[in-house]
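Beneath this line is the structure, given in structure tokens, with notes to follow.
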Amino acid sequence: MGELRRRHTPLSVARWASRRAVRILSTWPGIRQVHYAFHRWEFLAGRNDSGYSGVFSSVEEAARSAPTAVTGYDQTGMADLDVYRHANGEFKSMPPTEYPALFWLRPAIEGGASRLFDLGGYVGHVYYQYCEYLDLPDEFSWTIYDVPHVTEAGRRIAQERGAKHLSFTNNIAAIGEADIVFAAGSLQYLEEGFLHQALREASKLPTHLIVHRTALHPTRSFVTLQSINQRSGRIAFCPYTVAHRERFIEGLQALGYEQIDTWTKQRPIEVPLRPECFVDTYSGLYFRLRT
């Protein structure tokens with residue numbers, strides 16, 4: 001799980017310009033259908049990596065709209081996306097946009113929190129990036145929850161790199177063993193309310209909750225379909241959930257959490273022909289359990 005970046009080349013700029021021209025003309029009679037057909041062709045061919053198509057009422061409906069029966073991250077190839085790693089296999093360094101999450105994570109650890117649950121933490125790229133800026137105690141536990149194909153690859157990489165703090169699980173109930181829950185760029189690949197339900201069923205509520213790089217909309221929730229170019233050249237399609245921001249926050253507050261901070265990351269979500277679903281930035285939030 002996680003976020004993807006666009007590559008800007010002369011060809012991609014030309015495609016962007018052509019799509020923009022079609023959008024401008026899309027109010028003309030008959031042009032709307034041309035716009036949709038053009039976008040859908042590009043989307044299915046993987047020509048607009050990290051693009052979006054359609055608006056659906058559920059994750060299941062979005063998955064059914066994909067041109068392949070295999071969707072989501074639990075498949076071969078999805079544990080080696082080049083958005084996280086260089087061509088030589090090394091993880092990319094931490095971008096500046098990660099600092100707000102690191103700002104709240106560090107004092108939580110220094111204050112005695114010793115168990116972190118990384119919800120949808122992929123193969124551990126955040127752990128490897130953040131460890132350059134954190135002095136983790138020997139007994140600190142960083143547990144990643146993800147789908148089986150990803151956690152299998154994550155265990156292999158952790159063993160190769162000697163990552164002594166890192167472990168992996170496919171059991172969401174392990175969230176109740178944590179002091180910190182960290183969810184970065186992952187909640188949009190789950191059903192809306194997944195985090196809230198997991199916390200309601202947890203044996204114990206974690207003290208700290210850091211939500212980072214998360215798609216939230218100010219007035220609505222919806223599911224769309226995202227295209228992802230894998231390093232192998234194959235195209236993967238993932239249902240992509242955008243939650244209602246106020247409902248998301250209120251749900252956590254109802255569980256006993258207080259919102260301490262919020263921040264944004266500049267990255268838009270644009271679903272063609274659905275301007276009401278536009279999101280201009282991703283959200284970050286820090287919550288602490290009320291005592």
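Read-outs throughout are calculated quantities, based only on the coordinates presented, and are distinct from any laboratory measurement. Source: prediction; values computed, not measured. Cβ atoms come from the backbone with ideal geometry, glycine included; neighbour counts cover every protein chain shown.
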The long-range amide H neighbours of Thr264, using H built 1.01 Å from N in the peptide plane and a cut-off of under 5 Å, are Gly284
Within the range 118-154, what residues put their amide N at less than 12 Å from the label point 7 Å along the Cα-to-Cβ vector of Lys92? none
I need the chymotrypsin sites (Phe, Trp or Tyr not before Pro) found in the range 238-287, filtered to DSSP loop residues with at most 15 other beta carbons within 10 Å of theirs. Phe278
Taking R0 as 22 Å, what FRET efficiency do you get between Thr291 and Glu246 from their Cβ-Cβ distance, rounded to the nearest 0.05? 0.35
Over the range 201-291, the quotient of the Cα radius of gyration and 2.2 N^0.38 Å is 1.28
For Lys92, give me every one of the lysines with a C-alpha distance below 26 angstrom, ignoring sequence neighbours fewer than eight places off in its own chain. Lys164, Lys265
Would you tally the net charge around Gly112, using a Cβ to Cβ cut-off of less than 12 Å, leaving Gly112 out, and scoring K and R as +1, D and E as -1? -2
Rounded to one decimal in nm, the spacing of the 7 Å Cα→Cβ label points at Gln75 and Lys164 is 4.0
Restricting the count to DSSP beta bridges whose residues both fall in the range 167-291, what percent are antiparallel, rounded to a multiple of 5? 75
